[in-house]
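Novice: This is the structure I want to talk about, given as structure tokens.
The values are calculated or read from the model by the stated rules, or taken from the named source; none is laboratory data. Keep in mind the model is a prediction, meaning the values are calculated, not measured. With ideal geometry, Cβ positions are generated from the backbone for all residues, glycine too; neighbour counts draw on all protein chains shown.
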Amino acid sequence: MIESIFGKIVSITNNDLVINVGPINLSVLIPSSDKYLNLKSGDDIKINTFLDVKEDSLTLIGFLESNERKLFQTSSNDHEVRQGGCYPAWPQLCGVGTSSSRNSP
């Protein structure tokens, strides 16, 4: 598992955060939450991650706090089947039921 990532924010669009780590840019799915609205391109960031492995994809999901990640892991284990590619216990990862949105400059 990729425990965490430290790098510079390249871009932020809705729930997609792109982080530059050395010569690699990583795309990280982040929750739609007010605490993530303060993130800006060019800022250094350390983000706690969860790697979702499916038959046809790898999705890196990021959280600012490790306790958020632990809660996500617990709730996603309780819901083995994800509905419509979204995590039922974490609809904000899919932008469901939230009004927060952002676009990078």
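Novice: Among the numbered conditions (1) in contact with a strand residue (DSSP E or B) (Cβ under 9 Å, 6 or more places away or on another chain); (2) modelled with pLDDT under 90; (3) of a type in the set (S, T, N, Q); (4) surrounded by 16 or more Cβ atoms within 10 Å (Cβ to Cβ), tell me where Asn48 comes up short.
Specialist: (2)
Novice: For Ser27, state whether it is part of a loop (DSSP other than H, G, I, E, B) and under 11 Å from the mean Cα position of the chain (by Cα).
Specialist: no
Novice: Only residues in the stretch 15-41 that are under 20 Å from Leu58 (Cα atoms) count as the first member; pair them with residues that are surrounded by 13 or more Cβ atoms within 10 Å (Cβ to Cβ) and among the aromatic types (Phe, Trp, Tyr), Cβ under 7 angstrom, at least 6 apart or cross-chain, and list the lot.
Specialist: Ile30/Tyr36; Pro31/Trp90
Novice: Kindly indicate whether Val21 is of a type in the set (Val, Ile, Thr), surrounded by fewer than 16 Cβ atoms within 10 Å (Cβ to Cβ) and modelled with pLDDT under 95. If you could, list the steps in order and put the result at the bottom.
Specialist: Values: of a type in the set (Val, Ile, Thr): yes; surrounded by fewer than 16 Cβ atoms within 10 Å (Cβ to Cβ): yes; modelled with pLDDT under 95: no.
So Val21 fails the test.
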